[in-house]
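The values are calculated or read from the model by the stated rules, or taken from the named source; none is laboratory data. Predicted model only: the values in this text are computed from it and were never measured. As a convention, Cβ positions derive from the backbone with ideal geometry for all residues, glycine included, and neighbour counts pool all protein chains shown.
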Amino acid sequence: MVTVSDTDGPIQIMGAGLSGLAAAIILAKAGREVHVHDIRNDSGARFDGDFQGIENWTSDEDFLDEMREWGIDPDEFKTTSFHQVDVIHPDDVITQAWSPTVAFRVIERGTANHTIDQGLKRQAVAAGANLHYKSRVKPEDCHIIAAGPKDTSALAYGEIFETSHPDHVAFHFNDKLAPGAYAYLIVIDGIGLICTCLWRKQQKSGRYLNETIAWYDKHYPV
């Protein structure tokens with residue numbers, strides 16, 4: 001891999017996901033010629049429709065303010081903020097953790113206009129970056145590799161559904177539902193996601209999702 005400091009010419013980036021697009025925005029705004037390559041047909045295609053979280057409790061500065069300092073506008077994509085999240089202990093006791101500032105945000109990944117992927121894509125194009133989809137390049141020919149890991153370090157099994165339940169986030173730490181990891185419920189604008197995460201593939205992994213759905217169905221009216 002070549003480095004950005006090695007050349008005054010065009011910067012080649014492998015991967016048009018969040019990291020690749022963020023790098024493209026910053027470099028293009030600094031006046032560099034930037035080319036971003038991705039083997040898929042659009043940014044966000046890999047995670048289309050998925051909810052992901054941005055924690056905001058480990059830093060004194062709000063993460064969206066940090067993004068603005070980098071030159072990235074978080075108003076270009078939808079975020080849902082939470083001051084309170086449910087933390088569910090292994091004995092099923094629910095602690096409602098609350099913060100006077102935003103503790104947690106949910107973003108949506110994918111190809112829809114309101115997703116973070118498309119928001120960063122619009123900003124990269126506006127900054128002057130050149131995006132090349134269905135483009136395969138070699139890592140050694142790129143200055144920045146932002147294509148993600150080749151191997152899977154964790155597996156997530158989930159189900160998306162419609163619900164009248166208000167916006168909500170609940171994290172569950174229980175080895176019976178997610179051995180060594182965690183399960184969660186996210187509800188945003190009438191769309192719910194129940195998911196169990198496993199650090200490795202388990203025998204009959206699907207049963208953990210079924211048991212997780214049954215648990216949330218019992219304790220939350222979703």
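Structural remarks
- Residue 43 vs. criteria modelled with pLDDT of 95 or more, under 14 Å from the mean Cα position of the chain (by Cα), part of a loop (DSSP other than H, G, I, E, B) and on the phi < 0 side of the Ramachandran plot: yes
- Failed item in (1) without any contact (Cβ under 8 Å) to a residue 60 or more places away in the chain; (2) surrounded by 12 or more Cβ atoms within 10 Å (Cβ to Cβ); (3) closer than 19 Å to residue 89 by Cβ; (4) not aliphatic (A, V, I, L, M), with residue 219 passing the rest: (1)
- Out of 90, 74, sole residue that is farther than 19 Å from residue 33 by Cα, in contact (Cβ under 8 Å) with a residue 60 or more places away in the chain, not assigned by TED's automatic domain parsing to the domain that holds residue 15 and not acidic (Asp, Glu): 90
Condition check ((1) among the hydrophobic types (A, V, I, L, M, F, W, C); (2) at positive phi) across all residues:
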{"site": "25", "(1), (2)": "yes, no"}
{"site": "29", "(1), (2)": "no, no"}
{"site": "39", "(1), (2)": "yes, no"}
{"site": "50", "(1), (2)": "no, no"}
{"site": "66", "(1), (2)": "no, no"}
{"site": "72", "(1), (2)": "yes, no"}
{"site": "92", "(1), (2)": "no, yes"}
{"site": "123", "(1), (2)": "no, no"}
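- Test: residue in region 65-78 that is farther than 18 Å from residue 124 by Cα and more than 14 Å from the chain's Cα centre (by Cα): yes
- Residue 191 meets all of the listed conditions (1) surrounded by fewer than 17 Cβ atoms within 10 Å (Cβ to Cβ); (2) β-branched (Val, Ile, Thr); (3) over 20 Å from the mean Cα position of the chain (by Cα) but one, namely (3).
One line per residue, one yes/no per condition, for (1) touching a helix residue (DSSP H, G or I) at 6+ places or on another chain (Cβ under 8 Å); (2) closer than 21 Å to residue 126 by Cα; (3) charged (D, E, K, R):
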| residue | (1), (2), (3) |
| --- | --- |
| 7 | no, no, no |
| 21 | yes, yes, no |
| 34 | yes, yes, no |
| 45 | no, yes, no |
| 50 | no, no, yes |
| 59 | yes, no, no |
